[in-house]
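Colleague: Encoded as structure tokens, here's the structure I'll be asking about.
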Amino acid sequence: MPKISKETIDQIHSNSDIVSIVGEYTRLQKKGANDWWGCCPFHNEKTGSFHVDADKKFYYCFGCHASGDVIKFVQEMEKITYPEAILVLAKKNAIPVKYDDGYNPSEIKKDNHNEEYIDLYERIASTFHYFLTQTSQGNFALDYIKKRGLTDETLRKFKIGYAPSDRYWLKKFLLEKNFSEQFLNESGLFSKNYKDVCIFSDRLMFPIFNRNGKVVAFGGRILHPQKDHDSKYLNSPELSHYKKRETFFAFNFAKNAIRENKKVIFCEGYMDCIAYHQCGVEYAVATCGTALTDEQIRLIRNFADEVLLSFDSDGAGQKATLKAITMCRKQNITVKVIRLKGGKDPAEIMLSFGKENLTNQIKGAILDGDYLLNILGEKYPVDTPEGKTKAALEYFEYIDCLQSDIQKESCLEQLGQAFNIKPEALKRDFTNRNQAQERIKIRPEITEEKTPVNLNAELRGLIAVTADLNQFEKIRSNLKESDFKNPHAQRLFNVLEKCLENKTFSIPDILSECNDSELSQIISSFISDKVYQKENIDIVVNDTIKFVQKNKIDEQRDILLKRIREYVITTEDDQKELNNLLKKKMELDKQVQSL
């Protein structure tokens, strides 16, 4: 294997700013003339023992003993070979790479296509953006995204695009540009079974950038959900240059703000994250179509002291919140939870109530311990000994994740105060929690809330759909899961979505997927008793849609009215803002009247 010349390596050593490069992975503080210290990016630690000597261009960790120069650092952090790390740094510093014995560098690309794939993804992202903003094919997608409140500046910044409905155009286009068939087949852009078919079609496209701002993958949102029963979101597969578990959407835009603010917002979706950025909250990131991972938390733990969780308020979002709390606390990061009001997600709140409302809700984030106490207080009858015991045992799981004995002691005190439990009894049960859990016979992790089935208009409408499954398209085109307030209606909506996605849309499949004996029994009895007939189901479904939409609008009106009543006018701009709020209220009033 030909060697990169010593001249090139010496140039990289002399021209590379090791402090700046290491600073992209962990927060460093200057102590002394040219000494920098921070938490080690190679292992989890509470007190910074990682030292960078700017003069010697060398790093050393007194904890795990990792050490080396700037090339080795890049090699270890990016998990690439030593020659690949040299190429990365050479490109970063605009240094021409020379080889011994006159070796032709083009040969090295035969073994490593990462840079070529990144270049390909960059070009395709620009093409998708052009389709969205400059062609008639993208008009529908552009209209959709503008109605969601995104500005032209945001579209350009995030390079949002549109993938045409023709599944074959991209392969033909790239072959004409002299890309090889094999190279394209391994690019992650085309179906494994049907090599000429692009996996993205008729979708709003969200490019996923690496930390250096290069496009390495895509997330695509379907624009016609009823067509072919496609998944709502589709994401690029794992690639040699893209690891989902180690990547955050928008981290390239957020990393400086995360460093400055020492905090980060974790979002579930791309639109949530983008809405925060458009409102000036630039320390928001999102997972890339997967659950939060330990690798992602490690990526930000050396920049941020605090994580704010901004997940959906539905059952799935609550589960994700509980899991994220545990994962972050195990890595010794303080956690707060943003409980959004007035809309399902940040994009909806931004559109309905504006930037100020969203940023105020961030300021109102509560500590994870308080959030969990609220959840457990709603879940269990904590005015009974049994309810107190079950709530305490689940809260013990959270306490176990804390890294400080002082924190554990404080949380035990809060638990006792919240549910009126004597400290001595709490400490005994915490010490003997494994035996107590066995006696109570509950799972230690927080499970779904078991509440009696409330047969309100929301749930009745969805049960009616099970008698005429074709009606579900009407429901899902007007409503989404989070629009329902009844938890069993949310569950049934989610079940119907899954069955539709899996193309197993039958009564037995629905009942099997329900995983709730009481709800399944009610559905079965309604179907058996023929409570809903073909001729009246349409009326029931229409009434349900109106009922849910009215409740949603009423909630938005209540928030607006509260803001209007509390509004203080001191300037002309204040009066304009108040006029805008009054205009929004009038629009909501008209929407209610039209239902």
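Colleague: Which pairs do you get when a residue that is under 14 Å from Ser352 (Cβ atoms) and hydrophobic (A, V, I, L, M, F, W, C), found in segment 572-595, comes within reach of a residue that is outside any helix (DSSP H, G or I) and at pLDDT below 75, reach meaning Cβ atoms under 9 angstrom, with the pair 6+ apart or on two chains?
Modeller: That search, which allows pairs on different chains as well, returns Leu581/Tyr567.
Colleague: May I pose another question? Return the residues of segment 559-581 that are assigned to a helix (DSSP H, G or I), surrounded by 13 or more Cβ atoms within 10 Å (Cβ to Cβ) and not basic (Lys, Arg); say none if nothing qualifies. Quick ask: steps written out before the conclusion?
Modeller: Taking segment 559-581 as the starting set, the residues that turn out to be assigned to a helix (DSSP H, G or I) are 559-566, 572-581.
Those still in the list that are surrounded by 13 or more Cβ atoms within 10 Å (Cβ to Cβ) too: 559-561, 563-564, 577-578, 581.
Within segment 559-581, Ile559, Leu560, Leu561, Ile564, Glu577, Leu578, Leu581 qualify.
Colleague: Kindly indicate whether Asn432 is open to solvent by 40 Å² or more (accessible area, probe 1.4 Å), at pLDDT 90 or above and more than 24 Å from the chain's Cα centre (by Cα).
Modeller: Here the answer is no, as Asn432 does not meet what is asked.
Colleague: I would also like to ask the following. Kindly list, by first and then second residue, each pair from a residue in segment 368-393 that is among the aromatic types (Phe, Trp, Tyr) to a residue that is assigned to a loop (DSSP other than H, G, I, E, B), limited to pairs with Cβ atoms under 8 Å and residues at least 6 apart or on different chains.
Modeller: Close Cβ pairs (under 8 Å, with a partner that is assigned to a loop (DSSP other than H, G, I, E, B)) amount to Tyr371/Arg339.
Colleague: I need the full set of residues from segment 243-254 which are buried (at least 19 other Cβ atoms within 10 Å of the Cβ) and at pLDDT below 90, in order please.
Modeller: Lys244
Colleague: Follow-up question, since we're still on this one. Kindly list the number of the only condition in (1) more than 21 Å from Ala257 (Cβ to Cβ); (2) among the aromatic types (Phe, Trp, Tyr); (3) part of a loop (DSSP other than H, G, I, E, B) that fails for Tyr25.
Modeller: The single condition Tyr25 does not satisfy is (1).
Colleague: Looking at segment 537-556, is at least one residue open to solvent by 50 Å² or more (accessible area, probe 1.4 Å), of a type outside the set (Ser, Thr, Tyr) and at pLDDT below 75?
Modeller: no
Colleague: Sticking with this one: Taking segment 394-408 as the region of interest, how many residues are in contact (Cβ under 8 Å) with a residue 24 or more places away in the chain and either part of a strand (DSSP E or B) or open to solvent by 60 Å² or more (accessible area, probe 1.4 Å) (or both)?
Modeller: Qualifying residue count, segment 394-408: 2.
Colleague: Consider segment 1-18. How many of its residues are in contact with a strand residue (DSSP E or B) (Cβ under 7 Å, 6 or more places away or on another chain) and within 13 Å of Asp69 (Cβ to Cβ)?
Modeller: Total satisfying the criteria: 1.
Colleague: Still on this structure, please answer the following. For segment 78-94, indicate whether the set of residues that are surrounded by 13 or more Cβ atoms within 10 Å (Cβ to Cβ), within 15 Å of Leu28 (Cβ to Cβ) and within 32 Å of the chain's Cα centre (by Cα) is non-empty.
Modeller: The answer is no, given that none of the residues of segment 78-94 is surrounded by 13 or more Cβ atoms within 10 Å (Cβ to Cβ), within 15 Å of Leu28 (Cβ to Cβ) and within 32 Å of the chain's Cα centre (by Cα).
Colleague: Now for a separate question. Name the residues in segment 291-312 that are within 17 Å of Thr326 (Cα to Cα) and either surrounded by fewer than 20 Cβ atoms within 10 Å (Cβ to Cβ) or among the polar types (S, T, N, Q) (or both), would you? Walk me through it before giving the result.
Modeller: Just the residues of segment 291-312 that are within 17 Å of Thr326 (Cα to Cα), to begin with: 291-301, 304-311.
Selection gives Ala291, Thr293, Asp294, Glu295, Gln296, Arg298, Asp305, Glu306, Ser310.
Colleague: A follow-up question, please. Would you pick out the residues in segment 242-265 that are in a helix (DSSP H, G or I) and closer than 22 Å to Gly23 by Cβ?
Modeller: Those that are in a helix (DSSP H, G or I) and closer than 22 Å to Gly23 by Cβ: Glu246, Phe251, Asn252, Phe253, Ala254, Lys255, Asn256, Ala257, Ile258, Arg259, Glu260, Asn261.
Colleague: Related question: Within segment 53-85, can you find the residues that are touching a residue at least 60 places away in the same chain (Cβ under 8 Å) and among the β-branched types (Val, Ile, Thr)?
Modeller: Ile71
The values are calculated or read from the model by the stated rules, or taken from the named source; none is laboratory data. These numbers come from a predicted model, not from an experiment. Quick reminder, even Gly has a Cβ in these numbers, built from the backbone with ideal geometry, and neighbours come from all protein chains shown. SASA here: full protein model, heavy atoms, side chains in, ligands and nucleic acids out. Shrake-Rupley method; radii C 1.70, N 1.55, O 1.52, S 1.80 Å.
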